[in-house]
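Colleague: Pasting in a structure now, in structure tokens, and then I'll have a few things to ask.
Here, each number is a calculation from the coordinates, and none is a lab measurement. Small disclaimer: the values here were computed from a predicted structure and weren't measured. Every residue, glycine among them, receives a Cβ derived from its backbone with ideal geometry; neighbour counts consider all protein chains shown.
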Amino acid sequence: MKRTCAAPLLLLALLAALPLFLPRFHIYIVAIVLLTGLLATSLNLAIGFGGIYQFHHAVFYGVGAYGTALMLTRSGLPAPFCLIAGPLAAAAFSLVMGIICVRLSKLYFGMLQISLGSLVWAIVYRWYSFTGGDNGIPGVPVPDGIASPEGAYYYTLAVTALCMYALHRIVRSPFGKALEGIRDNPVRSEAIGIHVRLHQLTALVIAGFFGGVAGSLFVVIETSVFPDMMFWTYSLEVLVMCLLGGMYTFFGPLVGASILVLLRTYVSVHIPYWHLFLGIILTLVIIFLPDGVLGVAIRRFRPKEGRLA
Amino acid sequence: MLRVESVVKSFGGFKAVNGANLHVEAGEIVAVIGPNGAGKTTLFNVITGHLAPDSGRVRFKDREIGGLAPHVLCRKGISRSFQVVNIFPRLSVFENVQIAVLARERKTFRIFSPVRSMAAEEVHGILRNVGLYEKQDVESDLLSHGDQKVLEIAVALGGKPELLILDEPTAGMGPEETERCIRLIKKLSDELGLTILFCEHDIGLVFEIADRVMVMVRGGTVIQGSCDEVRRNREVQDAYLGEDGGC
């Protein structure tokens, strides 16, 4: 127990100290890694722990970001309220889409989810008077305390840490276990008295909420939003993060997100074909690392506790 | 306790269950036997809510239960095990049973309390009862087939059932494992006072532990009675026992 606590705390301390010696651009990248990691971890609650094929998770990221950005630019309400409004909107979207999709299983769920998600994207992309269409919303007025690069970084770090802790608690709760049970064997879960769809729906709402939190953090870091962040190819990228890091581990998606964000940042400077690169990574992971980077590492070093992280 | 009256269930044009009758009293061990494809599993699926009957009545403790969802029936006190191993392969033996206990106690919507040692006492009790206590930390996927079938029963016990339904509990087991499993069923009935309904291929075993036997052929009930009555029945001998030593 002690050991499992020590590593994340050490990492947290290290991350908190980073602005002292890293240049601004790198701090910005680390902040993007953090919020993308949160996004991937929230997706993983649904797909890795729940076995629900949430193929278009970026929608909730987008709704969270747009919700926050629109509130900040237009509502005139106090900033804390605006920052939480985005994630709540994402959770609400997730609830509605979940109610529609959860009757279907596996791939059919995924197909319908992609369709509905693309619909949301199309609306955001075209509704110029409200969402700014393909221009997005530039220059969002981020509140003073967290507007500086350091402020935004620490805010992102604190919120991400808090959310990761919450998600970890959820995964280790009876609800989390039931969710894993449903993933492993929905028929049996039902036979022992678990209301499968209600649990799946709850998981989707939770995942949508934390995806929305990641979106809201994105606004704070970038001070702008654009429809690309909820295009379905980005969902695919987040999915690859989960696969790459290890879907059956808690911290795997965070690891996967770090790898992909860093690769994208540094590779796309030199090579214009980022998606080709992504495709190659995906292929290699599926063939050689079906358990993901972290999954493999854990199996190698702690064979007895293979499922934990 | 359980009463099944002229239940029919068809798939397309094929009547898998065609007028089955069955009653089980509290505390009994009742076996359903019949050749392959007689509709035993389909009947069990109807009783446990995995399939809705086309017609006929299923009553449990004087309440009509035909067509209710499995998770509802489970809460009413019916637990089942499956013919093909049906456990949670990525979870440990302990967690497999723990989920069932937590589901019964309706704690699976607690999203922030740590699950680790929840309901540990009861889970350990069940695991001791079925003889899997020493293996509680093993990932259930790694158990032997026999142990998985026993775990299958243990998961069903986690629901603290009044009626335990076992669909071919010994399917695929070797002679020793089968012996152990049969002793377990007997023990559950004797010590925990469980009412048990099971189906089985091995007729020797059935006559050894069942209080009463129901014989199914081609979806219908041929006879229902004590072991002796069933042994003497002509029709059963023709349809089933005649095949040189059974199964």
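Colleague: Output wanted: per-residue J couplings in Hz (rounded whole) for region A:270-277, from phi through Karplus 6.51 cos²θ - 1.76 cosθ + 1.60, θ = phi - 60°, x for Gly and Pro.
Modeller: Calculated HN-Hα couplings, in order: 9, 10, x, 9, 4, 5, 4, 4 Hz.
Colleague: Now for a different question. Which lysines have a Cα less than 21 Å from the Cα of A:LYS177, not counting those fewer than 8 places away in the same chain?
Modeller: A:LYS106, A:LYS304, B:LYS107, B:LYS135, B:LYS160
Colleague: So for region B:86-160, averaging the separation of alpha carbon pairs under 8 Å that are six or more residues apart and normalising by length, what relative contact order in percent results? Walk me through the numbers before you get to the answer.
Modeller: Working: 79 pairs, mean separation 41.0, N = 75.
For region B:86-160, the relative contact order is 55 percent.
Colleague: If you don't mind, another one. Let a ≥ b ≥ c be the square roots of the eigenvalues of the Cα gyration tensor of region B:1-44; is it rounded (a/c under 1.5), or, if not, prolate (a/b larger than b/c) or oblate? Display every interim value, and only then the final one.
Modeller: Numbers: a/c = 3.35, a/b = 1.77, b/c = 1.89.
Taking the square roots of the gyration eigenvalues as a ≥ b ≥ c, region B:1-44 is oblate.
Colleague: Which value, in nm² and rounded to one decimal, describes the direction-averaged projected area of the C-alpha convex hull of region B:168-210? Walk me through the numbers on the way to the answer.
Modeller: Details: hull surface 11.0 nm².
Averaged projected area of region B:168-210's Cα convex hull equals 2.7 nm².
Colleague: In Å, the Kirkwood hydrodynamic radius of region B:86-160 over pairs of distinct alpha carbons?
Modeller: On the way: mean 1/r = 0.0825 Å⁻¹.
Kirkwood radius, region B:86-160: 12.1 Å.
Colleague: Based on Cβ point charges of +1 for Lys and Arg and -1 for Asp and Glu, what charge dipole magnitude is obtained for chain B about its Cα centre, in debye rounded to the nearest 20? Walk me through the intermediate numbers first.
Modeller: Details: 30 positive and 34 negative charges, 217 e Å.
Magnitude of the dipole: close to 1040 debye.
Colleague: Now, a different point. Whole-Hz ³J(HN,Hα) for each residue in region B:132-140, computed from phi via Karplus 6.51 cos²θ - 1.76 cosθ + 1.60 with θ = phi - 60°, x for glycine and proline: what do you get?
Modeller: Per residue, the Karplus-derived 3J(HN,Hα) values read 10, 4, 5, 9, 5, 8, 6, 5, 5 Hz.
Colleague: Related question: Using only the Cα atoms of region A:88-234, construct the convex hull and provide its projected area averaged over every direction, in square nanometres to one decimal.
Modeller: Numbers: hull surface 39.5 nm².
That works out to 9.9 nm², a quarter of the Cα hull's surface.
Colleague: Run the numbers on region A:117-211 and let me know its relative contact order in percent, using alpha-carbon pairs under 8 Å that are six or more apart.
Modeller: So the answer I get is 12 percent.
Colleague: Roughly speaking, what % of Cα-Cα pairs in chain A are separated by over 27 Å, rounded to a whole number?
Modeller: Values: 19319 of 47586 pairs.
The proportion of pairs with Cα distances above 27 Å equals 41 percent.
Colleague: Hey, got the dipole for the protein assembly as shown? About the Cα centre, +1 on K and R Cβ, -1 on D and E Cβ, debye to the nearest 20? Intermediate results must be reported in sequence, preceding the final value.
Modeller: Details: 49 positive and 45 negative charges, 232 e Å.
Roughly 1120 debye, rounded to the nearest 20.
Colleague: Here is a follow-up. Any idea which of A:TYR155, A:PHE81, A:SER105 is furthest toward the positive side of the dipole for chain A, if Lys and Arg beta-carbons carry +1 and Asp and Glu beta-carbons -1?
Modeller: Projecting each Cα onto the dipole axis, the largest value belongs to A:SER105.
Colleague: Hey, what's the Kirkwood Rh for the protein assembly as shown if you take every pair of different alpha carbons, in angstrom?
Modeller: 25.9 Å
Colleague: Continuing with the same structure: Roughly what angle does helix B:93-104 make with the longest principal axis of chain B, taking Cα atoms, 0 to 90 degrees, to the nearest 10?
Modeller: Here the helix axis deviates by roughly 80 degrees.
Colleague: For the residues A:ILE29, B:ILE78, A:ILE114, what sequence is obtained by ranking on other C-beta atoms within 10 Å, fewest first? Show your work: numbers first, answer last.
Modeller: Details: A:ILE29 16, B:ILE78 29, A:ILE114 19.
By the 10 Å Cβ count, ascending, the order reads A:ILE29, A:ILE114, B:ILE78.
Colleague: Using just the alpha carbons, could you tell me how many Å³ per residue the convex hull of region B:111-235 encloses? The partial results should precede the final answer.
Modeller: On the way: hull volume 18.2 nm³, N = 125.
Enclosed volume per residue, from the Cα hull, is 146 Å³.
Colleague: Provide the net charge surrounding B:GLY159, with neighbours chosen by a C-beta distance below 13 Å and charges set as Lys +1, Arg +1, Asp -1, Glu -1.
Modeller: +2
Colleague: Could I get the Rg over Rh figure for region A:34-74? Both from C-alpha atoms, Rh via Kirkwood, rounded to two places. Please report the intermediate quantities before stating the final value.
Modeller: On the way: Rg = 12.1 Å, Rh = 11.1 Å.
With Rh from the inverse mean 1/r over Cα pairs, Rg/Rh is 1.09.
Colleague: Does anyone have the angle between helix B:175-192 and the longest principal axis of chain B? Alpha-carbon axes, 0 to 90°, nearest 10?
Modeller: It works out to around 80 degrees.
Colleague: Over the alpha-carbon set of region B:69-126, work out the extent along each principal axis and list the three values in angstrom, largest first.
Modeller: Largest first, region B:69-126 extends 32, 22, 21 Å along its Cα principal axes.
Colleague: Run the numbers on chain A and let me know its relative contact order in percent, using alpha-carbon pairs under 8 Å that are six or more apart. Present the calculation step by step, with values, prior to reporting the outcome.
Modeller: Numbers: 496 pairs, mean separation 94.5, N = 309.
Relative CO of chain A lands at 31 percent.
Colleague: How about B:LYS9: which aspartates and glutamates have a C-alpha closer than 15 Å to its C-alpha, ignoring those fewer than 8 places off in the same chain?
Modeller: The qualifying aspartates and glutamates are B:ASP54.
Colleague: To continue, here is another question. On a 0 to 90 degree scale, rounded to 10, what angle separates helix B:145-157 from the longest Cα axis of chain B?
Modeller: Result, in degrees: 80.
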